[in-house]
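Some notes on the structure that comes next.
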Amino acid sequence: MTADRDPSATSVDAAWLERATALSVNGPAYGPNPRVGCVLVGADGTMLGEGWHRGAGTPHAEPAAIADAAARGHEVAGATAYVTLEPCSHTGRTGPCTDALTRAGVAAVRYAVADPNPEAQGGGAVLLARGIDARHVPYGPAAQVNRRWLGAVEHGRPWVIAKWAQTLDGRTAAADGTSFWITGEEARAHAHGVRAQVDAILVGTGTVRVDDPELSARPPGDAAAHQPLRAVMGLGATPGAKVWRDSHAVQLATHDPHAALTELASREVRTVVVEGGATVTTAFLRAGLVDELHVYVAPALLGAGTAAVGDLGIGTMAGALRAQDVTATALGVDTLVTAFFQRGQI
Ligand code: AOF
Ligand code: ZN
């Protein structure tokens with residue numbers, strides 16, 4: 001028995017799933033787990049309790065909402081649970097949400113996204129088999145919140161964001177090697193905000209040798225920002241470099257992007273920003289392993305210097321890598337272009 005995908009989402013379903021989605025974004029974007037929100041609604045349409053998942057090792061959204069209802073003195077037997085992700089049916093760091101919902105006497109469950117995680121999926125069917133009216137009610141914004149997590153789980157590897165800063169003519173460094181301050185303050189602040197939302201930052205040994213970057217997340221006004229794992233890809237040793245200042249760093253002793261991602265996945269990395277240099281970025285693009293692009297474009301020309309991306313083996317316009325869902329955001333005098341590649345497209 002499977003929980004049927006119910007295309008007949010009512011406006012009531014959509015309204016509560018919208019609320020659950022708004023709650024879900026309170027959770028951290030980084031870490032091995034998805035962001036999930038849950039609202040419990042009584043038969044008379046009143047909100048009884050709500051909750052969200054605060055990160056791996058903490059309660060899932062459903063038990064958090066059940067606890068919230070209890071704290072408000074509300075009885076949830078007969079209620080409907082609106083959840084942004086299919087309730088899990090496994091014992092991982094916490095117990096199965098299917099059991100928590102069953103024990104609470106919830107009568108119906110509406111979930112926005114089916115869980116692709118092979119260890120946790122199938123909760124909808126489990127609930128149905130117990131006589132609970134569980135339905136998958138697809139709700140796009142909920143999937144959007146977990147776009148990177150869903151992609152990582154479906155691909156069986158970390159979600160890869162390739163990021164660089166370039167001039168209008170596609171240069172990341174001048175002929176003499178200088179590369180600092182291509183873009184301005186706002187662009188750099190934005191990039192630090194992105195770093196604080198991912199699990200790892202990856203650069204090649206060449207970049208460590210030449211730039212000696214800190215690879216930390218320093219978003220303005222957030223001294224306690226989450227710090228991603230610093231990953232250095234390549235065989236060369238870089239003793240004394242700033243990346244090795246503490247143990248939150250790893251060398252990926254390979255030139256193969258697949259092997260690098262396998263190693264990161266074994267450390268529960270779901271999202272990684274590949275920050276160059278061009279050799280590493282090009283290797284990931286050539287291997288078809290880039291899911292998302294963040295290109296900061298400065299209104300400057302160099303005419304000579306290092307190209308952002310090297311040879312991709314494309315000889316003709318028809319072979320160009322074309323990205324989708326493109327957005328351009330002004331950041332001071334610079335522009336951030338974000339875009340996505342679909343799996344199999346590159
Ligand atoms: C839910 N509600 O709030 C979350 C779910 O290691 P665990 O026990 O935390 O389980 C993590 C997996 O459970 C995660 O990969 C995903 O499949 C599911 N996450 N499920 O019903 C939640 N965070
Ligand atoms: Zn769960």
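Taken together, the values in this text are just the output of simple stated rules run on the coordinates, not laboratory data. What you see is a predicted model, and the numbers here were worked out from it, not measured in a lab. Because the Cβ atoms are built from the backbone with ideal geometry, glycine has one as well, and the counts that use them run over all protein chains shown.
So here's what we get for this one:
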item	result
Overall form of segment 157-340 per C-alpha gyration tensor (a/c, 1.5; a/b vs b/c)	rounded
Compactness index (Cα Rg / 2.2 N^0.38 Å), segment 4-145	0.91
Contour minus Cα-Cα distance for Ala287 and Asp222 (0.36 nm per residue)	19.9 nm
Kirkwood-based shape ratio for the chain, expressed as Rg/Rh from alpha carbons	1.03
Whole-number percent relative contact order across the chain, with pairs defined as alpha carbons under 8 Å at least 6 apart	16 percent
Stretchable slack from Glu268 to Ala14, in nm (0.36 nm times residue separation minus alpha-carbon distance)	88.2 nm
Segment 196-218 and segment 82-147: distance between their alpha carbon centers, rounded to Å	37 Å
DSSP-defined beta bridges in segment 187-346 - what % are antiparallel, rounded to 5	50 percent
The chain - mean residue ellipticity at 222 nm from DSSP helices (-39,500 (n - 2.57) per run, n ≥ 4, rounded to 500)	-7500 deg cm²/dmol
Fraction of antiparallel bridges per DSSP, the chain only, in percent to nearest 5	40 percent
FRET efficiency, Asp44 to Glu154 (Cβ-Cβ, R0 35 Å, nearest 0.05)	0.35
Extension gain from Asn26 to Thr102, taking 0.36 nm per residue of separation minus the Cα-Cα distance	24.8 nm
Inter-label distance, nm, simple model (7 Å from Cα along the C-beta direction), His258/Val210	2.8 nm
Choice from Met317, Met233, Met47 showing the highest fluctuation, given a GNM over the chain with Cα pairs closer than 10 Å	Met317
